[in-house]
1. Is it true that Leu147 is closer than 22 Å to Arg12 by Cα and either at pLDDT 95 or above or not in a loop (DSSP other than H, G, I, E, B) (or both)?
2. Looking at (1) surrounded by 21 or more Cβ atoms within 10 Å (Cβ to Cβ); (2) in a loop (DSSP other than H, G, I, E, B), can you tell me which one Thr242 breaks?
3. Consider only pairs whose beta carbons are under 6 Å apart and that are at least six residues apart or on different chains; among these, list those whose first residue lies in region 263-286 and is free of Cβ contacts under 8 Å to residues at least 40 places away in the same chain and surrounded by 21 or more Cβ atoms within 10 Å (Cβ to Cβ) and whose second residue is part of a loop (DSSP other than H, G, I, E, B) and aliphatic (A, V, I, L, M).
4. Out of everything in region 82-127 that is of a type in the set (S, T, N, Q) and part of a helix (DSSP H, G or I), what residue ends up being surrounded by the most Cβ atoms within 10 Å (Cβ to Cβ)?
5. Hey, does region 74-81 have a residue that's surrounded by fewer than 17 Cβ atoms within 10 Å (Cβ to Cβ), touching a residue at least 12 places away in the same chain (Cβ under 8 Å), more than 30 Å from Ala268 (Cα to Cα) and more than 18 Å from the chain's Cα centre (by Cα)?
6. Do you know which of the residues in region 280-321 that are basic (Lys, Arg) and at pLDDT 95 or above is nearest to Ala15 (Cα to Cα)?
7. Taking the condition of being of a type in the set (Val, Ile, Thr), under 21 Å from Gly213 (Cα atoms) and surrounded by fewer than 19 Cβ atoms within 10 Å (Cβ to Cβ), how many residues in region 287-316 meet it?
8. Restricting attention to region 20-44, report how many residues are modelled with pLDDT of 95 or more and assigned to a strand (DSSP E or B).
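The values are calculated or read from the model by the stated rules, or taken from the named source; none is laboratory data. Everything quoted here is computed from the prediction, not taken from an experiment. Cβ: placed from backbone, ideal geometry, glycine included. Neighbour counts: every protein chain shown.
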Amino acid sequence: MEYRKLGKSGLRLSAFSFGSWVTFSNQLDLEKAKECMHFAYDQGVNFFDNAEVYAEGKSEELMGTVIRDAGWGRDTFCVSSKVFWGGEKPTQMGLSKKHVTDACHAALKRLQVDYLDLYFCHRPDQLTPIEETVRAMHALIQQGKVLYWGTSEWSAQQLTEAYAVAKENHLTPPTMEQPEYNLFNRERFEKDYLPLFQNYGMGTTIWSPLASGVLTGKYSNGFPADSRLNMPGYEWLKSRYTNEEGKQRIAKTVKLTQLAQSLDMTSAQLALAWCLKNPNVSTVILGASKVQQLSENMRALEKVTALTPDVMNQIEVIVANRPEAIPDFM
């Protein structure tokens with residue numbers, strides 16, 4: 001396993017981490033979750049990602065039970081939660097100081113740990129001042145309940161404001177952002193966030209590196225009945241790939257698969273290795289419902305060196321979506 005610093009912090013996370021979105025409780029019961037987590041841990045994975053909204057808290061309960069029964073030393077792994085969607089009542093959602101605090105305590109109970117290594121604002125909250133959220137996170141860190149805090153899917157402007165508020169008020173700034181990043185979704189990461197990487201040393205824990213499974217090539221001939229795109233509640237995800245843009249992405253995946261096969265790797269391994277090539281990626285969150293699937297994807301670490309400049313150029317020709325560089329007028 002390769003380990004990378006989380007931005008400019010001293011925390012070193014495994015290049016591949018394991019997340020529970022969609023799978024835990026929905027596709028995995030306790031025994032299968034245990035198999036996947038134990039396999040990941042034995043392969044050197046030291047970060048397990050979760051959120052209060054995943055399976056309405058049941059995902060964190062499952063993960064917490066696995067962690068408790070495993071008996072792993074608390075100093076050998078990191079676990080996260082995310083706050084935003086905790087319930088239907090006004091005080092159960094958003095990023096107010098109350099919900100940020102309540103959600104942290106609830107996550108600690110479900111995960112059966114004394115502190116969260118990473119705690120994310122799952123989405124920006126337009127109704128709560130960013131300063132209030134920054135102060136709430138700083139307080140939890142001061143209390144020892146959270147070690148590092150960050151955001152998920154915040155804009156570069158919102159993150160810049162959070163950094164400014166923290167600096168002005170001598171508060172703890174965000175350490176990391178958790179954005180979607182893959183071959184089909186890269187504009188924000190590669191262009192908008194670039195000043196944040198350069199000026200603040202922001203770390204990243206990227207999600208959906210396989211574009212919800214599309215980059216595995218398994219949707220090239222339709223959507224299997226047991227795929228996540230056919231799961232109740234994920235119609236919004238399926239709609240991404242039934243419109244014209246989605247069909248074009250699936251067609252591009254066919255070409256990526258052909259390129260991957262010429263390099264003796266799967267299309268999933270090619271897509272994951274491509275993510276790992278970006279030096280601003282701290283860790284790639286994998287989601288899997290089977291150990292075999294997790295094992296195959298983790299082998300992408302062995303394939304990174306195969307992505308030579310020539311291969312990277314071939315990939316760019318296929319996806320044809322490289323973000324325009326920030327103009328330099330000097």
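1. Values: closer than 22 Å to Arg12 by Cα: yes; either at pLDDT 95 or above or not in a loop (DSSP other than H, G, I, E, B) (or both): yes.
Yes: the conditions hold for Leu147.
2. (1)
3. From region 263-286, the pairs are Ala273/Leu307.
4. Narrowing region 82-127 to residues of a type in the set (S, T, N, Q): 91-92, 96, 101, 112, 126.
From the residues that got through so far, the ones that are part of a helix (DSSP H, G or I) too are 91-92, 101.
Working: Thr91: 11, Gln92: 15, Thr101: 17.
Once the filter is applied, the top-ranked residue is Thr101.
5. Yes, region 74-81 contains at least one residue that is surrounded by fewer than 17 Cβ atoms within 10 Å (Cβ to Cβ), touching a residue at least 12 places away in the same chain (Cβ under 8 Å), more than 30 Å from Ala268 (Cα to Cα) and more than 18 Å from the chain's Cα centre (by Cα).
6. Arg299
7. Of the residues in region 287-316, 2 are of a type in the set (Val, Ile, Thr), under 21 Å from Gly213 (Cα atoms) and surrounded by fewer than 19 Cβ atoms within 10 Å (Cβ to Cβ).
8. Count: 0.
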